[in-house]
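The next block holds one structure in the form of structure tokens; read it before the comments.
Here, each number is a calculation from the coordinates, and none is a lab measurement. Only a predicted model underlies this, so the values are computations on that prediction, with no experimental measurement involved. FYI the Cβ positions are ideal-geometry reconstructions off the backbone, even for glycines, and counts take in every protein chain you see.
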Amino acid sequence: MPTYEVNFDGLVGLTHNYAGLSLGNLASTANQHAVANPQLAALQGLKKMKALVDIGFKQGVLPPQERPCINSLRLLGFSGTDAHILGQVAKKAPYLLANVSSASAMWVANAATVSPSADTQDNKVHFTVANLTNKFHRSIEVETTRQALQATFRAKEHFVHHTPLPLQAQFGDEGAANHNRLCADYGKPGVEVFVYGRQAWGGSVEPRYFPARHTREASEAIARLHQLADEHCVFVQQNPQVIDQGVFHNDVIAVANGPVLFYHQHAFLDKLRAFEQITRQLSQFECQFVPIEVPNHTVSVEEAVRTYLFNSQLLSKADGKMLMIVPEESQQHTRVWAYLNDLVSSGGPINEVKAFDLRESMANGGGPACLRLRVVLNQQELAATNPNTLLDDHLYHSLTRWVKKHYRDRLTEADLADPVLLNENRTALDELTQLMDLGSLYPFQRD
Ligand code: SUG
């Protein structure tokens with residue numbers, strides 16, 4: 001049966017702004033207080049999605065969230081009308097206003113971990129929504145993400161949705177950004193590689209300055225929940241030194257597709273052991289592991305973080321070769337671009353590269369790979385997916401019109417307390433749930 005990797009991209013929300021909320025994510029900190037353009041951000045994301053559809057890839061869309069999140073503020077003791085709450089929080093706790101207003105749900109690589117049916121014992125696709133405990137502004141995404149995934153993948157005979165892991169640092173889970181799958185073909189069983197930042201119990205070397213957001217214990221729990229065979233899972237620690245240099249998720253320094261792992265020399269702590277396991281496990285499926293290492297003297301960790309070379313999408317083309325989608329920052333960097341040109345002409349599996357302008361998202365530390373959640377679906381599973389979430393020309397044009405109608409082209413933190421902005425959000429999202437047939441997804445639609 002034909003099987004596809006469908007990339008579901010997060011649609012940028014109406015409150016996209018630069019609040020400097022993510023310690024350890026250098027772009028987020030550096031761009032605090034910059035003026036954001038939510039309309040441009042959403043259109044940049046849509047253009048990437050449309051370009052991939054036009055080349056023949058399957059592409060889905062995941063919706064943004066209701067922001068500012070008034071419900072979170074009520075849980076924290078604010079009361080009265082929504083407008084009153086916004087006024088109070090802006091005066092008494094502006095840091096909270098920024099947190100409950102972030103459009104961070106756009107980075108859906110952190111929405112969930114997904115295991116394809118070819119890997120799971122019950123032959124269903126398993127989803128575990130990431131708890132994102134390390135950052136408050138991200139932890140409040142969980143409930144709407146869970147509902148959005150359920151509204152997209154409804155059919156119980158094909159899809160299993162697990163509740164998030166306990167909302168606790170020892171089970172810190174950042175989803176697919178720390179998860180890679182290696183396989184011969186999407187439809188064949190694969191080896192799932194879980195990359196963690198630290199071990200909560202038992203001790204591990206940890207970064208000194210920046211948080212390791214994701215634990216080994218979280219990854220192990222997900223492997224159990226997803227009914228993966230022990231002999232087809234590899235757990236490897238991210239190098240704590242690169243976390244301290246701004247690599248807050250593994251997808252900032254490595255990406256896999258098919259049998260290929262494209263990674264930086266310093267990405268992993270115990271690389272040799274992990275690669276030996278991957279090689280052995282893949283050989284059980286008669287699949288040869290293809291590691292492509294970028295040496296530090298060619299691209300340093302600092303350059304990798306600045307250009308997001310590894311936050312790329314590796315996509316399998318019909319001719320068996322791979323296309324690499326990189327952010328424009330990689331094209332503008334002389335050494336990185338020279339490396340990429342050498343790579344595509346080297347006769348290896350990656351023979352084409354395309355750069356996209358995603359500057360609005362990049363300024364918050366979100367590149368092409370952060371914006372997408374990979375969901376491997378066979379023909380039947382694809383047919384059982386909510387069709388209104390799959391991007392075609394019609395949906396692209398509807399969403400583009402919708403963005404142009406509702407989104408502001410300038411937003412600063414000072415604008416977040418404006419009750420008019422909240423209403424603009426709700427009006428737009430109400431229309432979106434109809435466009436994408438998502439049901440009553442948002443708190444304001446249910447209250
Ligand atoms: O969690 N940035 C996000 C970026 C997530 C990127 N995702 C992946 N690498 N998969 C984060 O750090 C910044 C928000 C702000 O500062 O306003 C932010 O949340």
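Taking the alpha carbon gyration tensor of the stretch 1-144, what are the square roots of 5 times its eigenvalues, largest first, to the nearest whole Å? Mind dumping the intermediate values first?
Working: eigenvalues 203, 75, 37 Å².
Output for the stretch 1-144: semi-axes of 32, 19, 14 Å.
Cross-link list LYS48/LYS92; LYS48/LYS91; LYS47/LYS317; LYS58/LYS156: which exceed 28 angstrom alpha carbon to alpha carbon?
Details: LYS48/LYS92 40 Å; LYS48/LYS91 39 Å; LYS47/LYS317 19 Å; LYS58/LYS156 22 Å.
Flagged as over cut-off: LYS48/LYS92; LYS48/LYS91.
What is the mean projected area of the alpha carbon convex hull for the stretch 114-222, to one decimal in square nanometres?
Working: hull surface 30.7 nm².
Spelled out: convex hull of the Cα atoms, projected over all directions, averaged, 7.7 nm².
With θ taken as phi - 60° and the coefficients 6.51, -1.76 and 1.60, list the Karplus ³J(HN,Hα) couplings across the stretch 228-242 in order, rounded to whole Hz; mark glycine and proline as x.
Those phi angles translate into 8, 6, 3, 6, 10, 10, 10, 10, 9, 7, 6, 5, x, 5, 7 Hz.
In which sequence would HIS16, HIS297, HIS158, HIS226 go, from the one with the fewest C-beta neighbours within 10 Å to the one with the most? Write down the numbers at each step before the final one.
Numbers: HIS16 28, HIS297 7, HIS158 19, HIS226 24.
Final ranking by Cβ density, sparse to dense: HIS297, HIS158, HIS226, HIS16.
Rounded to a whole number of µm²/s, how large is the Stokes-Einstein D of the stretch 160-251 at 10 °C and 1.306 mPa s, given Rh as the Kirkwood radius over C-alpha pairs?
Details: Rh = 13.7 Å.
For these conditions, the coefficient is 116 µm²/s.
Cβ under 14 Å from ASP122's Cβ, ASP122 left aside: what net charge do those residues give with Lys, Arg +1 and Asp, Glu -1? Numbers along the way, then the final one.
On the way: positive: LYS124, LYS156, ARG224; negative: ASP119, GLU157, GLU381.
Charge balance near ASP122 sits at 0.
Project the alpha carbons of the stretch 211-354 onto their principal axes and report the range along each, largest first, in whole Å.
Over the stretch 211-354, Cα extents along the principal axes are 43, 39, 24 Å.
Mind checking the stretch 205-299 for GluC sites (Glu not before Pro) that DSSP puts in a loop (not H, G, I, E or B) and that have at most 13 other Cβ atoms within 10 Å? If you can, show how the numbers build up before the last one.
Values: sites: GLU217, GLU220, GLU231, GLU276, GLU286, GLU293; in loops: GLU286.
Answer in residue order: GLU286.
Tell me, what is a quarter of the convex hull surface for the C-alpha atoms of the chain, in nm² with one decimal? Before the final figure, lay out each step's value.
On the way: hull surface 78.3 nm².
So the Cα hull casts an average projection of 19.6 nm².
Given Cβ point charges of +1 (Lys, Arg) and -1 (Asp, Glu) and nothing else, what value in debye, to the nearest 20, does the dipole of the stretch 138-261 about its Cα centre take?
Details: 11 positive and 14 negative charges, 33 e Å.
Result for the stretch 138-261 is approximately 160 debye, rounded to the nearest 20.
Could you work out, for the stretch 222-284, what percent of all Cα-Cα pairs fall into each 5 Å distance bin, beginning at 0 Å and stopping at the bin that holds the largest distance?
4, 16, 24, 23, 20, 10, 3, 0
Using the Karplus curve 6.51 cos²θ - 1.76 cosθ + 1.60 with θ = phi - 60°, what ³J(HN,Hα) values do you get for each residue of the stretch 246-257, in whole Hz, with x for Gly and Pro?
x, 8, 7, 9, 4, 6, 8, 9, 7, 8, 10, 7
Using C-alpha positions alone, give me the convex hull volume of the stretch 310-436 per residue in cubic angstrom. List each step's numbers first, then the result.
Details: hull volume 18.6 nm³, N = 127.
It is 146 Å³ per residue.
In 5 Å bins starting at 0, how do the alpha-carbon pair distances of the stretch 293-349 split up by percent?
4, 19, 28, 27, 14, 5, 1
Just to check I understand the Karplus step: with θ = phi - 60° and J = 6.51 cos²θ - 1.76 cosθ + 1.60, what whole-Hz values come out for the stretch 198-214, glycine and proline as x?
The phi angles translate into 7, 10, 6, 10, x, x, 7, 5, 10, x, 8, 10, 10, x, 8, 6, 10 Hz.
For the chain, what does the helix formula give at 222 nm: sum of -39500 (n - 2.57) over DSSP H segments with n ≥ 4, over the residue count, nearest 500 deg cm²/dmol?
-10000 deg cm²/dmol
For a quick check: with amide H placed at 1.01 Å from N, whose amide H comes under 5 Å from ILE292's, ignoring anything fewer than 5 positions away on the same chain?
Hits under the 5 Å cutoff: LEU261, PHE262, TYR263.
What are the aspartates and glutamates whose alpha-carbon lies under 15 Å from the alpha-carbon of LYS404, with same-chain residues fewer than 8 places away excluded?
Filter leaves GLU424, GLU431.
Of all DSSP beta bridges in the stretch 93-225, what percent run antiparallel (nearest 5)?
60 percent
What FRET efficiency comes out for the pair LYS321/ASP244, r = Cβ-Cβ distance, R0 = 35 Å, nearest 0.05?
Numbers: r = 36 Å, r/R0 = 1.02.
About 0.45, to the nearest 0.05.
Tell me, VAL375, VAL247 in order of fewest to most beta-carbon neighbours within 10 Å?
On the way: VAL375 25, VAL247 29.
The most exposed by this proxy come first: VAL375, VAL247.
Among SER346, LEU371, HIS158, whose Cα projects farthest towards the positive end of the dipole of the chain, with charges put on the beta-carbon of Lys, Arg (+1) and Asp, Glu (-1)?
Farthest towards the positive end: LEU371.
Looking only at the chain, where both bridge partners belong to it, what percent of the DSSP beta bridges are antiparallel (to the nearest 5)? Present the calculation step by step, with values, prior to reporting the outcome.
Details: 27 of 52 bridges.
The antiparallel proportion sits near 50 percent.
Only sites in a loop by DSSP and with at most 12 other Cβ atoms within 10 Å count here; which trypsin sites (Lys or Arg not before Pro) in the stretch 379-425 make the cut?
Filter output for the stretch 379-425: ARG410.
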